[in-house]
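The values are calculated or read from the model by the stated rules, or taken from the named source; none is laboratory data. Not measured: the values here are computed from a predicted model. Glycine gets a Cβ as well: all are built from the backbone with ideal geometry, and neighbour counts include every protein chain shown. Note: accessible area is taken over every heavy atom of the protein model, side chains too, but ligands, DNA and RNA are not part of it. Shrake-Rupley method; radii C 1.70, N 1.55, O 1.52, S 1.80 Å.
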Amino acid sequence: MTPPEPAAGSVFVTGATGYVGGRLVPALLAAGYGVRCLAREPRKLDERPWRADPNVRVVAGDMSDVDHLSGQLEGCSAAYYLVHSMEAKGGEYAAQDRLLASNFARAAARAGVRRIVYLGGLGELGAGLSEHLRSRREVETGLASTGIPVTTFRAAMIIGAGSASFEILRYLVERLPVMVTPSWVKTESQPVAIDDVLHWLVRCLGVPETAGTTLEIGGPDALPYRELMRIMAEELHLPRRLVVPIPILTPRLSSLWIGLVTPVSYRIARPLAEGLRNRVVVTSGETQRLMPHTAAGARDAIRQAIKSVEANAVETRWSAAGTVPGDPEWAGGTVFTDRRSVEVQADPRQVFAAVCRIGGGHGWYAGDVLWRVRGWMDTVAGGPGLRRGRRNSERVEFGEALDFWRVAGVERDRSLSLRAEMKLPGEAKLNFEVHPGEGGGGTRLTMTALFRPRGLFGLLYWYAVVPLHGIVFGGMLRGIRKTAEALYRAEHPAPAAAPPAAPAAPGYGRARLWLGMSAVGTLVALAAVALALGLPGRAAPDAEAPVGDHLLGLLGFVLLYAVVQLPFDLLGGYLLPRRYGRSHPSPGRYLSGLARGVAAHTTVLLAAAVALLFAGRYGGAAGTAAAGALLALAALRGRVALASAVARLELTPSAPEGTSPGDRVPVALGERADEGFTGSVVGVLRPRLHLLPMKWREVLGSEGLRVALRRRCLAVLTGSWRRGRVLALLFTLTGVAAAALLVGPDRLGTAAGTIELSLWFTLWSFLGLLTLPTLSRRGVAEVDERLLSEGCPREALEKVVRQLDDLQDGERDRSPLIETIFHPVPSVTQRLRGPHSHGRLGYWDAARTAVYLSPAGLGLLGRAVHCNCGRPALWVFLPAD
């Protein structure tokens with residue numbers, strides 16, 4: 001039975017699944033109007049919060065049948081026409097737009113619609129008008145062809161979270177510190193906030209004088225695109241971007257570049273780029289005369305859009321518009337199937353929530369490197385790649401884009417179906433089905449990949465990727481299971497486990513310290529003696545020897561280091577924990593884990609040595625310094641992957657408890673065997689991930705975990721984390737450059753010179769061990785002060801600090817001298833009782849980040865410091881706090 005239309009008046013909205021239309025409907029409802037939405041696929045609106053409103057009615061159609069459309073328009077006094085073919089496809093989209101506009105005008109006339117409201121683009125007619133804007137003018141003409149008064153709004157760039165214009169601007173500024181741009185970045189335009197667009201679209205229905213008029217709308221600021229880039233950089237708290245305009249870049253080339261750098265495809269970017277060639281500003285004050293309104297400025301509009309993105313509150317997104325192709329005929333021809341299932345100890349709701357997190361910033365749970373490679377290949381081939389991301393980090397709706405997939409079916413807590421939109425020699429789908437487990441316990445998750453090949457190349461493609469399915473799909477299921485079970489535990493928390501008791505035999509922390517001093521002292525002494533006696537030159541091949549001999553010399557040096565470090569590893573990783581009653585694995589398990597870590601670490605050192613050798617050979621001291629810089633940046637960028645290679649690390653995306661709307665950094669819980677693992681803030685100079693130990697959830701409980709996570713967020717928000725990163729990088733690069741100068745250009749590029757570089761840098765690292773901890777402790781104090789100033793109870797902070805100290809060495813207090821020289825994290829007593837130095841800038845995690853980066857200069861102290869001896873799980877993520 002058709003629901004009755006509300007008496008307050010009904011309006012017809014086309015394009016309700018699009019960016020503007022999806023926001024217009026709730027605005028009309030709030031103003032008291034009944035709304036009838038036209039959608040080609042009504043299921044795309046099922047998850048919209050306004051869908052269940054009794055004043056909303058959704059009808060299916062595509063405006064190709066005038067008679068059918070006329071019946072759907074019956075009883076509506078006004079109609080919004082918000083249908084645009086954004087993708088540039090020669091002249092086809094313009095002809096299609098003219099046809100649809102004409103059909104709509106004829107249907108509206110038959111149905112007795114009294115007025116049409118249309119949203120077009122700013123721009124004066126003339127020889128320079130872009131094909132895209134010229135098409136919009138033709139649509140205006142088509143809508144007015146039957147005599148119905150048309151209210152035409154003309155707007156330039158619309159700024160709002162999720163709009164194509166906003167995302168192009170944001171991604172260009174975020175990803176490119178230096179931009180070579182077309183000359184149109186100097187052309188003025190007058191952007192308008194999406195909220196102001198919606199205000200005028202709704203308000204015009206109550207102002208009869210607007211019927212049959214053309215109204216130009218815009219914000220108060222008319223400014224060039226490069227100025228918008230500057231504002232965006234400031235609002236994102238990024239350094240000023242360098243913009244270099246070049247007149248030879250055509251809109252076509254510009255759109256291809258935009259499609260490569262941003263999530264917006266070049267077909268959509270081209271009309272947007274063409275529209276910026278001409279000055280597009282408001283030239284008439286008619287809109288303000290008829291509907292006075294104070295519009296937001298460009299900076300306010302950008303700021304509000306960024307806040308919506310950060311708060312995960314993007315109502316609509318450009319990528320959700322468009323058709324969702326129907327299923328291919330899977331029953332015909334060859335269809336390959338890969339079906340896998342897993343039992344999950346969680347409710348169907350948590351399992352479905354974990355499934356819905358795939359894609360976008362969360363990644364794909366496993367094989368992310370393979371997904372990224374496939375995304376790059378797709379981008380090069382002209383597909384969407386992984387650039388589109390997703391609208392909301394937790395929820396999905398029918399028809400939405402998830403990277404290079406599109407949601408083709410969704411049944412809440414039961415199933416999710418994705419259709420591939422990447423370039424493929426065939427058709428592909430990925431289905432997830434959630435069923436209650438047998439006997440009513442747990443949940444069974446089944447994932448099915450379907451592929452219908454197209455021709456011989458399709459068959460070859462399937463057989464080429466099948467060997468990777470075990471990594472990609474098997475790992476994805478395991479990741480979904482872990483996430484779902486973590487969500488279940490978060491909703492059904494067990495009583496917080498008692499923190500581990502202090503060591504049965506006191507002195508564990510002091511014993512580790514003496515071990516670290518012994519290991520560091522041994523390596524520093526050996527380095528100094530070797531340099532003083534000139535041993536590298538005696539043992540390594542002559543400068544004229546073949547390159548292979550030099551490489552063998554570096555291999556021997558790295559293996560010799562591993563042998564020297566091994567006794568300290570065995571003491572620190574197994575014998576000391578066993579002696580002092582700390583958690584430790586069985587001997588066999590420990591030795592296998594240590595072997596894996598040593599092999600990975602040795603490989604990293606050897607790769608760094610080879611890179612420095614060739615950099616010195618062909619670039620001298622400058623080349624060596626540049627290689628050190630690249631190695632350091634690569635180490636920070638690939639930190640999670642390297643940590644997984646050194647020791648087992650499983651990540652589980654987590655709900656961001658403890659973050660605020662201003663925190664855009666995702667959260668993951670990591671599982672490692674070592675109780676001293678603390679995770680870190682992952683990223684180079686911009687945080688990409690808050691990594692916390694899964695064990696902290698058990699030890700701290702939900703409240704304690706929130707406090708710990710909030711401290712990490714504050715380390716970023718106060719700038720202490722970034723200052724620590726910059727300091728660690730500068731310290732490392734200075735050491736590499738100084739060591740290269742000490743070796744001299746004649747010896748760089750040889751095995752002897754590279755070994756000397758390593759030894760000099762090791763001495764430099766020792767200097768850092770003595771000086772950087774003080775600056776790191778200031779960072780800890782700065783974050784603690786900020787947390788307390790936000791209102792965190794001191795008792796909560798004290799409890800968390802004590803519990804985390806028990807997971808480290810259980811050493812509540814230290815002598816001032818020992819702490820000053822060796823410890824970048826203050827003791828419990830120092831943190832809780834002081835004395836404190838207030839208001840001083842800190843450098844959070846600078847000391848241990850510098851230790852981690854030491855392989856960039858072939859430093860040998862990374863495994864020797866007291867917290868790291870024999871503990872591969874901590875070699876990449878040293879205890880941070």
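Ranking of L633, L450 by solvent-accessible surface, largest first: L633, L450 (1.4 Å probe, protein heavy atoms only, all chains present).
Ranked by solvent-accessible area (1.4 Å probe, protein heavy atoms only, all chains present), the residues W376, W405 order from largest to smallest as W376, W405. Accessible surface for S586 stands near 60 Å², nearest 10, in the context of the full protein assembly shown (1.4 Å probe).
Between Q96 and I471, take the C-beta separation as r, use R0 = 56 Å, and let me know the FRET efficiency to the nearest 0.05. Present the calculation step by step, with values, prior to reporting the outcome.
Details: r = 43 Å, r/R0 = 0.77.
Here the calculated transfer efficiency is 0.85.
Please give the per residue accessible area of the chain, computed with a probe of 1.4 Å over protein heavy atoms only, in Å². Walk me through the intermediate numbers first.
On the way: 35930 Å² over 881 residues.
The answer is 41 Å² per residue.
Averaging the Cα positions of each part gives two centres, and for segment 508-524 and segment 368-438 these lie 51 Å apart. Computed per residue of the chain from DSSP H runs no shorter than four, each worth -39500 (n - 2.57), the mean residue ellipticity at 222 nm is -15500 deg cm²/dmol. For R203, the accessible surface of its heavy atoms amounts to roughly 110 Å² (probe 1.4 Å, protein chains only, rounded to the nearest 10). Each Lys and Arg adds +1 at its Cβ and each Asp and Glu adds -1 at its Cβ; summed about the Cα centre, segment 658-730 shows a dipole of about 400 debye. Calculate the FRET efficiency for L788 and E209 from the Cβ-Cβ distance with a Förster distance of 60 Å, rounded to the nearest 0.05. Between L788 and E209 the formula returns 0.55. To put it simply, the accessible area of the chain at a 1.4 Å probe is 59 percent carbon and sulfur. Whole Å is fine, so just give me how far the alpha carbon centre of segment 186-214 lies from that of segment 31-81. If you average the Cα positions of each part, the centres end up 22 Å apart. Mind giving me the FRET efficiency for T294 and R802? R0 is 51 Å, r the Cβ-Cβ distance, nearest 0.05 is fine. So the FRET efficiency works out to roughly 0.45. When the chain is described by a simple charge dipole with +1 on each Lys and Arg Cβ and -1 on each Asp and Glu Cβ, the residue from Y171, H237, M157 located farthest towards its positive end is H237.
Please report, in debye to the nearest 20, how large the charge dipole of segment 548-683 is about its Cα centre when each Lys and Arg carries +1 at its beta carbon and each Asp and Glu carries -1 there.
Details: 11 positive and 8 negative charges, 35 e Å.
So the magnitude is around 160 debye.
Ordered by solvent-accessible area of protein heavy atoms (1.4 Å probe), largest first, the residues E397, E209, E433 come out as E209, E433, E397. Roughly how many whole Å is it from the C-alpha centroid of segment 558-622 to that of segment 453-489? If you average the Cα positions of each part, the centres end up 33 Å apart. The phi-based Karplus calculation (6.51 cos²θ - 1.76 cosθ + 1.60; θ = phi - 60°) puts the 3J(HN,Hα) values of segment 389-403 at x, 8, 6, 10, 6, 10, 10, 10, 10, 4, x, 6, 8, 10, 6 Hz, whole numbers, x for Gly and Pro. The HN-Hα couplings worked out from phi for segment 335-343 by the Karplus form 6.51 cos²θ - 1.76 cosθ + 1.60 (θ = phi - 60°) are 10, 8, 10, 10, 10, 9, 9, 8, 8 Hz, whole numbers, x standing for Gly and Pro.
Once all protein chains are placed together, L477 keeps about 10 Å² accessible to a 1.4 angstrom probe.
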